[in-house]
Amino acid sequence: MSKITTSGAYPYHRPRRNRKSDWARRLVRENILSVDDLIWPVFVQEGSGQETEITAMPGVMRRSIDLLLPQIEKAAKMGIPAVALFPQTPEHLKTEDGREALNPDNLICRTIQAISQAVPEIGIICDVALDPYTSHGQDGVMIDGYVANDPTVDTLIAQSLVQAEAGCDILAPSDMMDGRIGAIRESLEENNHINVQIMAYAAKYASAFYGPFREAVGSAGNIKSGGKDSYQMDPANGDEALREVLMDIEEGADMIIVKPGMPYLDIIQRVTAEFSFPTYAYQVSGEYAMIQAAAQKGWLDLDQVMMESLMAFKRAGATGIMTYFAPYAAEILTNNS
Ligand code: PBG
């Protein structure tokens, strides 16, 4: 039997009664969005005093570590629980095998160290994937034109350990290789990193909504379009997402991600209904770009559409949201409380 009941019909039930005033609406509200729900993805680049705006992401900056730190400090003060770091690797350090990912002194490791020193109260999430480091822009090692699964997993294990050693709190494998969660978990256990969490990009789709991100990390020129279809998921598939999520949970993930966000709300809903496991929606670069572009044209109200889009993730069942809007949304949430 359905949980949804009405014991009578109109006019005994007038759903508008519960909407008659602000206090009444607040009293029956089913979902709450709070600063605790927000994860802020940030872009970092080499140098000092450097700040570059991403063309298709108005308001989003890629910063050198010195300029990033005060921003992270501000985010922590507002109560944002965690940041996700994405590096722009200088072109001359990119190679076929992406070996810069394993350099303990690379940009991402230095960023982790700087943040954990300056802002120890914020959680640090790092992508585990090779695309910022490979000359071809793929997330793994290429053998005969194919992103080879098992050799890539070996490299991802090494990358995970390097980032864990640097002080990363949450490893977020975004590469979509098979078996990497179990392999990474095992090596964390063996190397005394038992409390490093894994936030698995379990259902990550081969999406054109990642376009602006690839500009931000400087991999756009390296990658051919459609180039990730052999490892990221087909946007036509829903059931398969449940199998991917189940595998990652069984392999030892602590949390999982569905990505992109808004076009895949059905997946978030199905995954959370099925597994009741900490599940995060990633409102990706292209979603941010769409909302900003329409707002800049005066076609949509930025604040309202942003908050509505974030609430939609909560309603779908998401535990939290990775969003480039995080600091701006936090400001609104703080001012309204
Ligand atoms: C790379 C990675 C991507 C994003 C996060 N990690 C891009 C990709 O898979 O090509 C996309 C994030 C965004 O678009 O905001 N492993």
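If the limit is 21 Å between Cα atoms, which of K204/K314; K228/K259; K74/K314; K74/K204 go over it?
Correct reply: K74/K314; K74/K204.
Taking every alpha carbon pair in region 224-337, what does the distance histogram look like in 5 angstrom bins from 0, in percent?
Distribution as computed: 2, 11, 20, 21, 18, 14, 10, 5, 1, 0 percent.
Count neighbours as other Cβ atoms within 10 Å of each site's Cβ, and list the GluC sites (Glu not before Pro) in region 1-56 that are DSSP loop with at most 16 such neighbours.
E30, E46
Show log10 I(q)/I(0) for region 183-249 at q = 0.18, 0.26, 0.29 Å⁻¹, two decimals, from a solvent-free Debye sum over equal Cα scatterers.
Log-scaled intensity ratios, in q order: -0.86, -1.05, -1.17.
Through the Karplus equation 6.51 cos²θ - 1.76 cosθ + 1.60, θ set to phi - 60°, convert the phi angles of region 142-153 into ³J(HN,Hα) values in whole Hz; use x for Gly and Pro.
Result, ordered by residue: 8, 10, 6, x, 10, 6, 7, 5, 5, x, 5, 4 Hz.
What is the percent of Cα-Cα separations in region 74-214 that go past 18 Å?
So the portion of pairs separated by more than 18 Å is 55 percent.
Full-extension gain between E46 and K297, please, as 0.36 nm times their residue separation minus the C-alpha to C-alpha distance.
87.0 nm
Can you give the FRET efficiency to the nearest 0.05 for V305 and M247, using r as the Cβ-Cβ distance and R₀ = 45 Å?
0.80
Restricting to DSSP H runs of at least four residues, report the calculated mean residue ellipticity at 222 nm for the chain, -39500 (n - 2.57) per run over all residues, nearest 500 deg cm²/dmol.
Dividing the helical sum by the residues of the chain leaves -12000 deg cm²/dmol.
Running a GNM on the chain with Cα contacts under 10 Å, which residue among G140, G123, G298 ends up with the highest mean-square fluctuation?
G298
Per q in 0.06, 0.09, 0.11 Å⁻¹, report the Debye log10 I(q)/I(0) for the chain, using one uniform scatterer on each alpha carbon and no solvent.
Values returned for q = 0.06, 0.09, 0.11 Å⁻¹ are -0.22, -0.48, -0.71.
Bear in mind these aren't lab numbers, they're just calculated from the coordinates by the rules spelled out. Computed from a predicted model, the values in this text were never measured in an experiment. Ideal geometry is used to build each Cβ from the backbone, glycine not excepted, and the neighbour counts take in all protein chains shown.
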